[in-house]
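Comments concern the structure below.
The values are calculated or read from the model by the stated rules, or taken from the named source; none is laboratory data. The structure displayed is predicted, hence computed values, not measured ones. Here the Cβ positions follow ideal geometry from the backbone for every residue, glycine too, while neighbour counts run over all protein chains shown. Calculation scope for accessible area: heavy atoms of the full protein, side chains included, ligands and nucleic acids excluded. Shrake-Rupley method; radii C 1.70, N 1.55, O 1.52, S 1.80 Å.
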Amino acid sequence: MLKQVGSARAKRVAIIGTRGYPSYYGGFETAVRKLAPHLAEQGWDVTVYGRKGQLKTDDPDLDGRIRSVETVGIDSNSLSTLTFGLSACLHALVRKPDVVLVMNVANGYWLPLLKARRIPVVVNVDGIEWHRAKWGRLAKAMFRWGARLTAKFADHLVFDARAIGEFWTKEFGRTGTFIPYGGETVGELPVESGLSKHEYALLVARFVPENTISEFVLAAEKIAQTHDVVLVGSAPEGHPIREEVASLAERNSRVRWVGHISDDQRLLALWQNAGAYFHGHSVGGTNPALVQAMTVGVPVVARDTVYNREVLADAGVFCEPTPDAIARSVTSMLQDPADYRERSVARAAEEYSWPGVCAAYESLLRSACSRS
């Protein structure tokens, strides 16, 4: 741990744009659960802004050195990021930390406020949200303008994939730092009741069109002729994709839909013991679920995209997003995984470890402070 010398105070960092610390919602929240304690260990005074009701305050790994601040906002799909981001930025303006780490370009609208207060800002731009099919025209426009403002007012940018960095250079004329996500290493975990080790196919994703869910549902009917199929994920009641998955699980005894899983150990066990994991994400950069699947050694079949190829390299198999192609590739992997388990683990250890990720963030934040 870094020691303070004389009367020098700890550098203060505020993290804005997630659901808070500790939270288990998505990739940003996982990153903060790893990064915030690392920064505290390095001598930083860490504040994480979040939302009421989203924090797991009974988390046994909770680090008491992290200050959690719940702010106010409108809890809706279209306004939550903007409103919670605004209230967090206003609070940070008063405290004036040495640097702010902002997650998501939707908060780009509030960067001029931080800039006017002369607070250095590092922004993780996330994926290209305005390319996601789940957003309507207004939301896509909001994200795109947020990205333009981020490009103009952010001091430093973080890209979780090199391909995202290339896009930003071409689209907005900005360069930045490549810092991906990490994966958590675990020991041997038990096989879930009713399943056989390395004998089932697995999908873990939010039920949105760009994650190739509908195509996988059709492929699962063929895969289930010889192997069990497990789907992890959900969508609101009445959502068409949710109904497709529910119908498949109801009529096919070899298909199991378990909904959303907030228990990390159970999810890690499902990945570790699967015979093949299908990763159908088509947009965004480095996907945290893919990195975690690789870290625990599951053989991966991924939709063929520039992002998935960047992450997997030769540690997985790629296929087109059609039911037939998915069924063929997943079934083939289940029958003959070759050395893809070893390749996945080696690839994750080489490029996607949490210690390396956290060290890169700490170095960038410290650099932002010194340059200010």
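Here is how the numbers come out for the structure above:
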read-out	value
Which label in (i) 32, 25, 19; (ii) 43, 32, 18; (iii) 36, 22, 19 gives the computed semi-axes √(5λ) of the Cα gyration tensor in Å	(iii)
Lys/Arg +1, Asp/Glu -1 at C-beta; the chain dipole; positive extreme among ILE128, ALA147, TYR307	ALA147
Residues whose placed amide H lies under 5 Å from that of LYS52, excluding near-sequence neighbours	THR71
Between 0 and 90°, nearest 10: helix 323-335 axis offset from the chain longest Cα axis	80
Degrees between helix 340-351 axis and first principal axis of the chain (Cα, 0 to 90, nearest 10)	10
About the Cα centre, charge dipole magnitude for segment 113-160 (Lys/Arg +1, Asp/Glu -1 at Cβ), debye	280
Long-range amide H partners of PHE159 with built H, under 5 Å	THR177, PHE178, ILE179
LEU90, LEU189, LEU203, ranked by accessible area, largest first (probe 1.4 Å)	LEU90, LEU189, LEU203
5 angstrom amide H check on ILE15, placed H, neighbours 5+ away	THR47, VAL48, TYR49, LEU101
Hz values of 3J(HN,Hα) by residue in segment 189-206 - Karplus curve (6.51, -1.76, 1.60), Gly and Pro given as x	10, x, 7, 5, 3, x, 10, 10, 4, 6, 10, 10, 8, 9, 10, 10, 5, 6
Computed over the chain: relative contact order in percent, which uses C-alpha pairs under 8 Å that are six or more apart	15
Phi-based couplings in Hz for segment 240-252 (Karplus 6.51, -1.76, 1.60; Gly and Pro marked x)	x, 5, 4, 5, 4, 5, 4, 5, 4, 5, 6, 9, 10
Accessible area of ILE74 in the full protein assembly, 1.4 Å probe (Å², nearest 10)	90
More than 26 angstrom apart: percent of Cα pairs within segment 154-272	39
Share of carbon and sulfur in the accessible heavy-atom surface of the chain [1.4 Å probe, %]	51
Rounded to whole Hz, the Karplus (6.51, -1.76, 1.60) HN-Hα couplings of segment 69-74, x for glycine and proline	10, 8, 10, 9, x, 9
Cross-link table LYS11/LYS152; LYS11/LYS34; LYS52/LYS140; LYS52/LYS115; LYS115/LYS140; LYS140/LYS170, entries beyond 23 Å C-alpha to C-alpha	LYS11/LYS152; LYS52/LYS140; LYS52/LYS115; LYS115/LYS140
Residue-span extension gain [THR185 to GLU243] - 0.36 nm each, minus C-alpha spacing	17.5 nm
Fraction of the pair-distance distribution of segment 262-372 above 24 Å, Cα-Cα pairs, percent	30
Accessible area in square angstrom per residue, segment 102-217, 1.4 angstrom probe	43
Where PHE167, PHE278 fall by accessible area, highest first, once all protein chains stay in place (1.4 Å)	PHE167, PHE278
Gap separating the Cα centres of segment 129-181 and segment 228-253, nearest whole Å	32
Inter-part distance where segment 5-63 and segment 302-360 are each reduced to a Cα centre, Å	30
Student exercise, segment 1-127 dipole from Lys, Arg, Asp, Glu Cβ charges, in Debye to nearest 20	560
Degrees between helix 27-41 axis and first principal axis of the chain (Cα, 0 to 90, nearest 10)	50
Electrostatic dipole magnitude of the chain [Cβ: Lys, Arg +1; Asp, Glu -1; Cα centre; debye, to 20]	1880
Eligible aspartates and glutamates near LYS222 by straight Cα distance, threshold 18 Å, same-chain separation 8 or greater	GLU199, GLU244, GLU250, GLU320, ASP324, ASP336
Mean Cα-pair separation over length for segment 247-353, i.e. relative contact order, pairs under 8 Å, 6 or more apart, %	26
Taking N as its residue count, the alpha carbon Rg of segment 54-186 over 2.2 N^0.38 Å	1.12
Most mobile of GLU250, GLU310, GLU70 in a GNM of the chain (Cα contacts under 10 Å)	GLU250
Gained length - ALA360 relative to ASP75, 0.36 nm times residue gap less alpha-carbon distance	99.4 nm
